[in-house]
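Notes follow once the structure below has been shown.
The values are calculated or read from the model by the stated rules, or taken from the named source; none is laboratory data. Not measured: the values here are computed from a predicted model. Cβ sites come from the backbone with ideal geometry, for glycine too, and all protein chains shown count toward neighbours.
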Amino acid sequence: MVSEKNNIYILKKLKIECLVSVSPSKKINIVNENTSDKIKRLSRSIGITSKHVCDKGQRFSTLGETGINFLINKLKLKKNEIDGIIVVTQSPDYIMPGTAVLLQDRCGLPLNTLAYDINLGCSGYPYGLFVAHGHLSSGMKRILLVVGDQSFSPGTKDEGHGVLFGDACTVTSLILDDEINESIFSCGTDGSGLKALYIPHGGKVRPVTEDSLVPKLDETGVMRTGTDVVLDGPKIHNFSVGLVETELRKVCDFANINLDEIDYFVLHQANKLINNTIRMKMKKEMEKFPESLSDFGNTSSASIPITMTARLNDSWILKDKKTIMCGFGIGLSWSTFLYTSKGDEMSFHIFD
Amino acid sequence: MTFDDFLEGLVTSIDMPGVTTLDPDTPFCEIADFDSLATLGVMTFSEIEFNKQINGEKLWDDKTTPKQLYDRLNGK
């Protein structure tokens, strides 16, 4: 956060020390011999053939606990070497308090640990990196960024929701390192688009009542309850396709690099229609646009790090690889992050 | 792109069971079972083939036909 221009920020010395993705072991195959033609078509169009979802007793926070403990073991950390936990999620255990404070206790971190939540969805991972850098620049030594959602709602009557969303959590250890290249962050918000992707009931505007849980046919022909996610597909499509390429170019121009110099474009995994349209308009090869949709579904804010660990394996952490991440969706909100690897980062994908 | 190629591309993009051809003058919204997924197919096709963004809501509200869409995408 040293320099600013057109809402673009330079982040000095920020290093992704270790990235751990945690997917639930429970896997759902979208298409089987009993699947209706409607679901088969949906699966084909949005590009999701299977996904991982929380089993009974599992929650986003329990995946987080697993990820934090795994990371502590891998890095051989003492608990007092973690100064803070920042959780980015829209799937908290409780409306209050946030999930970060629960994780501080469950993982046995010291009482002087900073811990708080950020309420963001698809754009959340780059935001988390940016916010964590602020704390590190202020003197903290290590921040754990815990990002993801438990979006899948078993029993939902909304077939689109039932197919689209998967569950995941990722834990990223962030430190400052004098030898790492500058990172670039850019963001934006358009709150007028809130109804393009939201949950109508459960907040102060419409608290949950018995009626909130009754499935009803809405004006678009979708059967859903008041606590189900409402998603205006065409609106989100135009927003995403119209925005992402411009944002990617803006950040690359600022960094004075050509789009061809980017090794990996890791985009939020919205759906195949959106992600393929963006890639085809940019005329880039598939290898540079890794996807995790087909096996993990849309995992909200976790989809960027999940794609990095599940598809790029260790290739994104080879020395001097340039990865540009772009999250976009609920809010409407978007964020872009350009990271150049040092070569000694660590990357894992585990199943819980 | 010829109009025949346009219609063929649209049929592939909307991916509707049993729909193998489109009538040039039947509004999209009057095609049986034309849904939001089919709308997204039309939008994606327009973006990729014509580099033009169309409003999915207007496709319904204006009762746009394939012929009208073809002309609009070609700037007529």
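Would you point out the residue of the range B:19-55, among those that are among the hydroxyl-bearing types (S, T, Y) and more than 13 Å from chain A (Cβ to nearest Cβ), that is surrounded by the most Cβ atoms within 10 Å (Cβ to Cβ)? So that I can check it myself, show each step before the final result.
Start the filter on the range B:19-55 by keeping residues that are among the hydroxyl-bearing types (S, T, Y), which leaves B:20-21, B:26, B:36, B:39, B:44, B:46.
Pick out the ones that are also more than 13 Å from chain A (Cβ to nearest Cβ) and you get B:20-21, B:26.
Values: B:T20: 7, B:T21: 9, B:T26: 14.
So the residue we want is B:T26.
Based on this model, can you work out whether A:F239 counts as part of a strand (DSSP E or B), under 25 Å from B:L40 (Cα atoms) and either away from chain B (no Cβ under 14 Å) or in contact with a helix residue (DSSP H, G or I) (Cβ under 9 Å, 6 or more places away or on another chain) (or both)? Even if it seems obvious, please write down each step before you answer.
Working: part of a strand (DSSP E or B): no; under 25 Å from B:L40 (Cα atoms): yes; either away from chain B (no Cβ under 14 Å) or in contact with a helix residue (DSSP H, G or I) (Cβ under 9 Å, 6 or more places away or on another chain) (or both): yes.
Here the answer is no, as A:F239 does not meet what is asked.
Considering only the range B:56-70, I want to know if a residue exists there that is basic (K, R), closer than 16 Å to A:G233 by Cα and either within 14 Å of chain A (Cβ to nearest Cβ) or assigned to a helix (DSSP H, G or I) (or both). Don't jump to the end; show me each part of the working.
Step one: list which residues in the range B:56-70 are basic (K, R), which gives B:58, B:63, B:67.
Checking the rest, the ones that are also closer than 16 Å to A:G233 by Cα come to B:58.
From what's left, either within 14 Å of chain A (Cβ to nearest Cβ) or assigned to a helix (DSSP H, G or I) (or both): B:58.
The answer is yes; a qualifying residue exists.
Go through the range A:273-298 and give me each residue that's within 14 Å of chain B (Cβ to nearest Cβ) and closer than 22 Å to A:K321 by Cβ. Before you say what the answer is, go through the steps one by one.
Taking the range A:273-298 and keeping what is within 14 Å of chain B (Cβ to nearest Cβ), we get A:273-284.
Those that are within 14 Å of chain B (Cβ to nearest Cβ) and closer than 22 Å to A:K321 by Cβ: A:N275, A:I278, A:R279, A:M282, A:K283, A:K284.
Go through the range B:38-73 and count every residue that is in contact (Cβ under 8 Å) with a residue 12 or more places away in the chain and among the polar types (S, T, N, Q).
5
Consider A:D228 against the criteria (1) more than 11 Å from chain B (Cβ to nearest Cβ); (2) modelled with pLDDT of 95 or more: it satisfies all of them except one. Which criterion is unmet?
Going through (1) more than 11 Å from chain B (Cβ to nearest Cβ); (2) modelled with pLDDT of 95 or more one by one, A:D228 breaks only (2).
Among the residues of the range A:79-126, write down those that are in contact with a Cys (Cβ under 8 Å, 6 or more places away or on another chain) and surrounded by fewer than 22 Cβ atoms within 10 Å (Cβ to Cβ).
A:K79
Can you tell me which of B:F45, B:F28, B:F3 is farther than 24 Å from A:R44 by Cβ and among the aromatic types (F, W, Y)? Steps first, answer last, please.
On the way: B:F45 fails: farther than 24 Å from A:R44 by Cβ; B:F28 fails: farther than 24 Å from A:R44 by Cβ.
Answer to the selection: B:F3.
Among (1) assigned by TED's automatic domain parsing to the domain that holds A:L243; (2) surrounded by fewer than 18 Cβ atoms within 10 Å (Cβ to Cβ); (3) modelled with pLDDT of 95 or more, there is one condition A:D314 misses while meeting the rest; what is its number?
(3)
Just one of (1) more than 11 Å from every other protein chain (Cβ to nearest Cβ); (2) in contact with a Gly (Cβ under 6 Å, 6 or more places away or on another chain) trips up A:P234, so point out which.
Evaluating A:P234 over (1) more than 11 Å from every other protein chain (Cβ to nearest Cβ); (2) in contact with a Gly (Cβ under 6 Å, 6 or more places away or on another chain) leaves (1) as the failure.
Within the range A:61-75, can one find any residue that is free of Cβ contacts under 8 Å to residues at least 24 places away in the same chain, in contact with a Ser or Thr (Cβ under 6 Å, 6 or more places away or on another chain) and of a type outside the set (D, E)?
The initial filter retains those residues of the range A:61-75 that are free of Cβ contacts under 8 Å to residues at least 24 places away in the same chain, namely A:73.
Next, from what is left, pick out any that are in contact with a Ser or Thr (Cβ under 6 Å, 6 or more places away or on another chain): none.
The answer is no, given that none of the residues of the range A:61-75 is free of Cβ contacts under 8 Å to residues at least 24 places away in the same chain, in contact with a Ser or Thr (Cβ under 6 Å, 6 or more places away or on another chain) and of a type outside the set (D, E).
Within the range B:58-74, restricting attention to residues that are among the charged types (D, E, K, R) and in contact with an Asp or Glu (Cβ under 9 Å, 6 or more places away or on another chain), which residue is farthest from A:L42 (Cα to Cα)?
Taking the range B:58-74 first, the residues among the charged types (D, E, K, R) are B:58, B:61-63, B:67, B:71-72.
Retained after the next criterion (residues that are in contact with an Asp or Glu (Cβ under 9 Å, 6 or more places away or on another chain)): B:63, B:67.
Values: B:K63: 24, B:K67: 26 Å.
For the range B:58-74, the residue satisfying everything is B:K67.
Quick one: count up the residues across the range A:213-231 that are surrounded by 13 or more Cβ atoms within 10 Å (Cβ to Cβ) and either in contact with a Gly (Cβ under 8 Å, 6 or more places away or on another chain) or of a type in the set (G, A, S) (or both).
Of the residues in that region, 4 qualify.
Given the criteria surrounded by fewer than 17 Cβ atoms within 10 Å (Cβ to Cβ) and either outside the structural domain of A:Y125 (by TED's automatic domain parsing) or within 25 Å of A:K40 (Cβ to Cβ) (or both), does A:E291 qualify? Let's see the steps before the verdict.
Details: surrounded by fewer than 17 Cβ atoms within 10 Å (Cβ to Cβ): no; either outside the structural domain of A:Y125 (by TED's automatic domain parsing) or within 25 Å of A:K40 (Cβ to Cβ) (or both): yes.
When the stated conditions are applied, A:E291 does not pass them.
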